[in-house]
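Student: One structure is given below, represented as structure tokens, and several questions about it will come after.
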Amino acid sequence: MAPKTGKMQHKDQKHPARTRSPRQGSRTEQDKRGPSKPGRNAPKPPSNGFFIWGRHAVQAALANPERRVATLYATADTGEDLRQSIAALPTSRSIDLPAVTITERQRLDGITPDGEKAVHQGMVAAVWPLDPPQLEDVLASAGTAPFRLILLDQLSDPRNVGAIMRSARAFGVTAIIATHRNAPEENGALARTATGALEHVPLVRVVNLARAIEMLQAADITVAGLAGDGVMGVHSLAQFPRLAIVMGAEGPGLRRLTRDHCDHLVKIEIDSDADSLNVSNAAAIALYAAKTGA
């Protein structure tokens with residue numbers, strides 16, 4: 001008996017796939033995959049260098065004669081502003097700066113190492129880190145005059161450190177002291193959050209924070225650590241003309257050895273319902289209290 005013919009026979013037949021052009025407004029395969037990964041076509045920083053981005057951070061870097069700049073990038077709508085900023089600098093500085101390279105905004109979006117879109121405002125500088133000063137030199141230049149220091153006890157978040165640096169500049173801090181380990185290196189996130197303060201507040205690196213505290217105390221500097229169980233109120237900081245404020249990492253706070261080396265432990269009074277303050281906010285409050293006694 002012959003096999004049946006008809007619709008059942010077509011079930012096993014193979015037909016070439018039909019193709020069709022995407023309709024206007026339809027999602028192509030590239031649309032489905034999403035935008036290209038940030039950083040794929042972005043400029044690269046120099047060896048051992050990094051990017052600074054954002055108008056204030058870039059202009060502050062340009063104005064700092066100690067900052068070595070490898071390349072300057074701008075978009076078409078910000079290039080002239082950047083050139084004018086350079087032209088306004090002393091000739092001794094402006095002749096050392098590279099010409100401005102005009103590029104697409106999308107290329108600059110991907111300069112951050114973590115792949116997030118950079119808020120660069122159309123201005124990016126590829127730079128090398130500043131040469132950090134020695135603690136001995138900072139103390140020698142200060143002499144016996146009143147001054148303020150900030151010490152960072154294992155703060156590793158560059159955005160927190162950048163925010164503290166911004167407050168430090170606002171309240172006239174002479175320098176910030178951090179350890180070589182467990183502290184961020186100069187990078188774009190720190191510079192962006194500091195909004196220019198990175199070029200004005202020296203970042204001193206030490207091997208051992210406890211030994212650095214001993215050096216400060218030998219120079220007649222009072223060392224006060226911020227702690228939730230501190231005995232003194234933060235307003236008491238104003239009585240010390242030569243003062244170093246120690247900030248601990250969020251969560252762990254000050255390490256035991258650091259606490260033991262402090263002359264005083266100081267607390268910021270907050271509502272009992274609140275757990276804690278962000279460390280950069282706490283630093284700003286402490287610096288304000290040290291300046292005003294409030």
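Student: Toward the positive end of the charge dipole of segment 135-292, about the Cα centre and with charges on Cβ (Lys, Arg +1; Asp, Glu -1), which of G225, I245, A142 goes farthest?
Tutor: Value computed over the given set: A142.
Student: Something else about it: Give the relative contact order (percent, whole number) for segment 50-127; include only Cα pairs under 8 Å separated by 6+ residues. Spell out each step's value before the answer.
Tutor: Details: 123 pairs, mean separation 40.2, N = 78.
Relative contact order here is 52 percent.
Student: Provide the per-residue ³J(HN,Hα) series for segment 149-166, in order, calculated from phi with Karplus coefficients 6.51, -1.76, 1.60 and θ = phi - 60°, each as a whole number of Hz, with x at glycine and proline positions.
Tutor: The phi angles translate into 10, 10, 10, 10, 9, 6, 8, 10, 7, x, 6, 5, 5, x, 5, 5, 5, 5 Hz.
Student: Okay, next question. For segment 135-292, what's the relative contact order in percent, using C-alpha pairs closer than 8 Å and at least 6 residues apart?
Tutor: Working: 298 pairs, mean separation 44.5, N = 158.
That works out to 28 percent.
Student: Okay, moving on. How would you rank M165, M232, going from fewest to most other Cβ atoms within 10 Å of each one's own Cβ?
Tutor: Working: M165 29, M232 13.
So the residues, fewest neighbours to most, are M232, M165.
Student: Which ordering of S94, S167, S272, S236 is given by a fewest-first count of other beta-carbon atoms within 10 Å?
Tutor: Numbers: S94 13, S167 22, S272 5, S236 16.
Listed from fewest to most nearby Cβ atoms, that is S272, S94, S236, S167.
Student: How big is the Kirkwood radius of segment 160-294, worked out from every pair of different alpha carbons and given in Å to one decimal? Spell out each step's value before the answer.
Tutor: Values: mean 1/r = 0.0659 Å⁻¹.
Over segment 160-294, the inverse of the mean reciprocal pair distance is 15.2 Å.
Student: Label H180 and R211 with points 7 Å out from Cα along Cα→Cβ: what is the distance between them in nm?
Tutor: About 1.0 nm, to one decimal.
Student: If the label point is 7 Å along Cα→Cβ of E136, which residues in segment 196-219 have backbone nitrogen under 19 Å from it?
Tutor: 203-219
Student: Report the normalised scattering of segment 50-127 as log10 I(q)/I(0) at q = 0.19 Å⁻¹, calculated by the Debye formula with identical scatterers on the alpha carbons.
Tutor: -0.71
Student: List S280, S92, S141, S85 from most exposed to least, where exposure is judged by having the fewest other Cβ atoms within 10 Å.
Tutor: On the way: S280 22, S92 8, S141 13, S85 19.
Ordered from fewest to most neighbouring Cβ atoms within 10 Å, S280, S92, S141, S85 come out as S92, S141, S85, S280.
Just so you know, all these numbers are worked out from the coordinates, no wet-lab data involved. Only a predicted model underlies this, so the values are computations on that prediction, with no experimental measurement involved. As a convention, Cβ positions derive from the backbone with ideal geometry for all residues, glycine included, and neighbour counts pool all protein chains shown.
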